[in-house]
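S.K.: Here it is, the structure in full.
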Amino acid sequence: MKVRLPQRGFSFVEVMVAVLLLAICAVPMMEALTQGLTVSASGVDKARELRCMKNTMETILAEPYQTLWTAASQDNAASYVLPDDASCAGIVRQLAISLCEQTGATTVFLTPGTAQNRREAAMLYIALTSDKGYSFTTMVAR
């Protein structure tokens, strides 16, 4: 004959302690998952803005030199219209085109009147900025 061992289950206190430990661990895990999803969405927005700024700068640099020179010498590029781009919806872009000349290690910005005499030596200083933090700057020589 076999001796029966008494079967023993978990007590109510043991179950409550286990549930409490699981709850203490689950709350930080859920917060971490939520933050991870938020950071991922903001990364997508930053990538879209960077792509917009890069495409805009490439479009500007593809313009004929004379078009950019005229825009810079007239009104510091206020007359230059930035191209419409569907990927740039909601991104405020600002463009400034200035005339400058390199003298040694210094860059000297020229006024439109003095730049006409130095058309061969002067360069275009092109700065494109966005309201969310990206800024592209380049100099273009003739």
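S.K.: Please list 3J(HN,Hα) in residue order for the stretch 129-136, calculated via the Karplus relation 6.51 cos²θ - 1.76 cosθ + 1.60 where θ = phi - 60°; whole Hz, with x for glycine and proline.
M.R.: After applying 6.51 cos²θ - 1.76 cosθ + 1.60, I find 10, 10, 6, 9, x, 7, 8, 10 Hz.
S.K.: Students often get this wrong: which residues of the stretch 18-44 have the backbone nitrogen under 14 Å from the point 7 angstrom along Cα-to-C-beta of residue 10?
M.R.: Label zone hits: 18-24.
S.K.: Another question, if that's okay. Give me the distance between the Cα centres of the stretch 79-142 and the stretch 1-44, rounded to whole Å.
M.R.: Taking the Cα centre of each part, the stretch 79-142 and the stretch 1-44 sit 59 Å apart.
S.K.: Between 126, 24, 60, find the one with the highest GNM mean-square fluctuation for the chain; connect C-alpha pairs within less than 10 Å.
M.R.: Result: 24 has the largest fluctuation of those listed.
S.K.: Which one, 67, 103, 56, has the greatest fluctuation when you compute a Gaussian network model over the chain with C-alpha springs under 10 angstrom?
M.R.: Highest fluctuation of the listed residues: 103.
S.K.: Here's another thing I want to ask about it. Under 10 Å, Cα contacts only: if you run a Gaussian network model on the chain, which one of 99, 33, 50 comes out with the highest mean-square fluctuation?
M.R.: Highest fluctuation among the options: 33.
S.K.: Sort by residue number and report every cysteine in the chain with no other cysteine beta carbon within a distance under 4.7 Å.
M.R.: 25, 100
S.K.: Sticking with this structure for a sec: Helix 12-61 versus the longest principal axis of the chain: what is the Cα-based angle in degrees, 0 to 90, to the nearest 10?
M.R.: The angle comes out at about 10 degrees.
S.K.: Quick check: the angle from helix 65-75's long axis to the longest principal axis of the chain, C-alpha only, nearest 10 degrees?
M.R.: The two axes meet at around 90 degrees.
Any read-out appearing in this document is the output of simple, stated calculations on the displayed coordinates, not a laboratory observation. Computed from a predicted model, the values in this text were never measured in an experiment. Using ideal geometry, Cβ is built from the backbone for each residue, glycine included, and neighbour counts are taken over all protein chains shown.
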